[in-house]
Amino acid sequence: MELLQSGLKLRQLQVFREVLRTGSTRKAARALGISQPAISQTVKQLEATLGITLFKRSSNRIVPLQEAWELLRNVELAITSLDRLESSIFAMKNEEKQRVGIAAPSVFGFVTLPRVVAIIHSKTASNVRSISGSYDHIGEHILAGRADLGISRLPLDPQLFEWAPLGTARNVCIFHPDHRFSKQSCIEAHDLAGETIVDIDPQFAAHQMNFNALRFGGVEPNILVEFDCNGHEAGYVSAGLGISITNEIIAREYAVFHLGIRPVEPSALYHYVAIWQKGRTFTNALNVSLEAIVTAFAPTISAAA
């Protein structure tokens, strides 16, 4: 409150953010449609208001200091919250035209999210903003106000989120349709001996579970390529470069690739849920959107049961 009373303005924060985003006052000026001197002057006013030096001046350039990058995180949250407030006010005035933010791993853009958007479009005048990220990022998008709903996996913190079940999935192996695995009903660890594997980064729990199972069966994984998020493996596998281990719900997104799919043993269980911030009040558009997500996953629920 003291900062607001001392003259801190939203415009100063917007200019500051754009300078960090674009990397220069010149590019920020072009993006915001104002002059470069106006950008420089606004940045100086922000530093004076805060009493903090944010940039180092050198040869007609300003170089962000560590303080600037630390401030940016909070500025992003503040501006996002204001954007969410504006959207909420608009929604209250015209509920049916609310913009709904849905956060989900990008792989769900193949099949599931198009179904969700189709349902929302058929029942409301709302549009949808799709935001991607890892499962950890999904929760962050919701808590920061960038998304209203998300598609994620358990476990989640019940003090921060509420959720509705979408489906439970087990591990499957995906492979080129001409692969020898197409003749088997189930893939076990010993079957993977000598196979080239397309695998998700070691930081992911799925990687550890898959490879622990292989090594338990006496098989050392032969990794050709690692990918950093679900969805990338489908291209490599469809090109015949190797096989990959995923789960039934993710594998459903790869229908367009016409890959072979077989269950894997031993397997893990994955519990998918639609999530939102605890205590969130739902408008009609959000109720329709949640129902759309549940409906879009309905075939997976029956398939994974």
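The values are calculated or read from the model by the stated rules, or taken from the named source; none is laboratory data. Computed from a predicted model, the values in this text were never measured in an experiment. Methodologically, a virtual Cβ is constructed for each residue, glycine included, from the backbone with ideal geometry; neighbour enumeration extends over all protein chains shown. In case anyone asks, the SASA skips ligands and DNA or RNA and just uses the protein heavy atoms, side chains included. Shrake-Rupley method; radii C 1.70, N 1.55, O 1.52, S 1.80 Å.
One residue is enough: does the range 174-189 have a residue meeting the conditions on the phi > 0 side of the Ramachandran plot, modelled with pLDDT under 90 and either surrounded by 20 or more Cβ atoms within 10 Å (Cβ to Cβ) or not acidic (Asp, Glu) (or both)? No - not one qualifying residue is present in the range 174-189. For the range 57-79: of the residues being open to solvent by 90 Å² or more (accessible area, probe 1.4 Å) and more than 34 Å from the chain's Cα centre (by Cα), which is modelled with the highest pLDDT? Restricting to residues being open to solvent by 90 Å² or more (accessible area, probe 1.4 Å) and more than 34 Å from the chain's Cα centre (by Cα), the top hit is ARG57.
What helices (runs of 4 or more DSSP H) completely inside the range 1-81 contain at least 2 residues that are among the polar types (S, T, N, Q)?
In the range 1-81, the matching helices (runs of 4 or more DSSP H) lie at 10-22, 36-50.
Applying the criterion of at least 2 residues that are open to solvent by 30 Å² or more (accessible area, probe 1.4 Å) to the strands (runs of 3 or more DSSP E) found wholly in the range 213-295 leaves 222-227, 260-265, 269-277. Scan the range 35-49 for residues that are open to solvent by 40 Å² or more (accessible area, probe 1.4 Å), among the hydrophobic types (A, V, I, L, M, F, W, C) and touching a residue at least 12 places away in the same chain (Cβ under 8 Å) and the total you get is 0.
For ILE200, the conditions (1) open to solvent by 20 Å² or more (accessible area, probe 1.4 Å); (2) at pLDDT below 90 all hold with the exception of (1). Taken over the range 95-127, residues that are in a helix (DSSP H, G or I) and within 13 Å of the chain's Cα centre (by Cα) amount to 5. Restricting attention to the range 15-34, the residues being surrounded by fewer than 16 Cβ atoms within 10 Å (Cβ to Cβ) and touching a residue at least 24 places away in the same chain (Cβ under 8 Å) number 1. Checking each residue in the range 50-83 for being more than 14 Å from VAL19 (Cβ to Cβ), free of Cβ contacts under 8 Å to residues at least 60 places away in the same chain and among the small types (Gly, Ala, Ser) picks out GLY51, SER58, SER59.
Filtering the range 128-157 to residues that are outside any helix (DSSP H, G or I), of a type in the set (Val, Ile, Thr), in contact with a Lys or Arg (Cβ under 9 Å, 6 or more places away or on another chain) and open to solvent by less than 10 Å² (accessible area, probe 1.4 Å) leaves nothing.
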